[in-house]
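Participant: Sending over a structure as structure tokens; questions will come in a sec.
Laboratory data are not the source of any read-out in this text; all were calculated from the coordinates shown. Computed from a predicted model, the values in this text were never measured in an experiment. Cβ coordinates were reconstructed from backbone atoms using ideal geometry, including for glycine residues, and neighbour counts include every protein chain displayed.
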Amino acid sequence: MKVVIISDIHANLAALEALPERDFDQLWCIGDLVDYGPRPHEVIGWIKRKAAITVRGNHDHAAGFSTDPQCSPPYKRLAAETLRYTQAVCTQEDFAFLRSLPVYHAAILGPARFYLVHAIPTDPLYGYCPEDSDRWGSEVKQTSADVLVVGHTHTPFIRRVGKTLIVNPGSLGQPKTGRPLACYAVWQDGEVALKEYTYPVADTIAQIREMPVAAVDQDALIEVLETGVLPAANMRKAQTTDA
């Protein structure tokens, strides 16, 4: 049994279409299909066609229910600007799909029990818990799963806490690894591996340049894709201009 696990696509269709895995039994998506990127409608359609399981991320929730995605301060402006774009180009059917997504999903593969959630079990949409956090000790106790699959941080990791294996595939569409490589994970016959691949970043950049958002925000989105680091100088400039 081979399962491909992806997360945090953020409307990056070029990265999604370049996914190198073609021979698998199931595809799981751990949320955040939309915002930041240029092709939210197309990404939603792709996931609807191909994913066996999808859980709701904070950006999916924000787009579907017209609410704040509650991003960290450096990303608040980009999230707000691109949420408006997402809501302008997606359809009511898209929003209904995002609203219909569960905030967690339990699955069984052979003897292994999985619990899928975008952030963490106690705060499925917004809880931020990096790999080295002590909080995982209490989080894994919230489920009876052998494998806890999470996303949200945009950084891939595998960590065992007690009897539970925690797997974060990282971000396919906006990785924060310091490299412009799309990230994902594969579970196959009881073994899990983290993987990454190149994709046509230039295509996504060209599409971002067509988005009706301020040039400074386009620059910031592009720099995140190219470097995996938020361009803080650009954000300060934008905030100064706004003031």
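Participant: Straight-line reach from Lys50: which lysines have a Cα under 26 Å away, not including same-chain ones fewer than 8 places off?
Facilitator: Qualifying lysines at Cα under 26 Å: Lys2, Lys176, Lys195.
Participant: What is the distance in Å between the Cα centres of the stretch 147-205 and the stretch 9-69?
Facilitator: Each part's Cα centre sits 14 Å from the other's.
Participant: Could you work out which residue, out of Thr86, Thr122, Thr54, moves most in a Gaussian network model of the chain, that is, has the largest mean-square fluctuation with Cα springs under 10 Å?
Facilitator: Thr122
Participant: Would you mind telling me which residue in Ser171, Ser100, Ser133 has the biggest mean-square fluctuation in a Gaussian network model of the chain, where springs connect alpha carbons within a distance under 10 angstrom?
Facilitator: For the chain, modelled as a Gaussian network with Cα springs under 10 Å, the answer is Ser133.
Participant: Going by the alpha-carbon gyration tensor, a ≥ b ≥ c the square roots of its eigenvalues, is the stretch 2-242 rounded (a/c under 1.5) or, if a/c is not under 1.5, prolate (a/b greater than b/c) versus oblate? If you can, show how the numbers build up before the last one.
Facilitator: Numbers: a/c = 1.62, a/b = 1.51, b/c = 1.07.
Prolate, since a/c reaches 1.5 and a/b exceeds b/c.
Participant: Between Ser144 and Val192, take the C-beta separation as r, use R0 = 25 Å, and let me know the FRET efficiency to the nearest 0.05. Walk me through the numbers before you get to the answer.
Facilitator: Values: r = 19 Å, r/R0 = 0.75.
Using R0 = 25 Å, I get an efficiency of 0.85.
Participant: If the label point is 7 Å along Cα→Cβ of Ala214, which residues in the stretch 63-88 have backbone nitrogen under 14 Å from it?
Facilitator: 75-82
Participant: If you don't mind, another one. Search the structure for amide H atoms under 5 Å from the amide H of Val149, placed 1.01 Å from N in the peptide plane, and list their residues when 5 or more places away or on another chain.
Facilitator: Under 5 Å from the amide H of Val149 lie the amide H atoms of Tyr115, Leu116, Val117, Val167, each far enough along the sequence or on another chain.
Participant: Given H placed on each backbone N at 1.01 Å, which residues far from Tyr36 in sequence or on other chains put an amide H within less than 5 Å of it?
Facilitator: Thr82, Leu83
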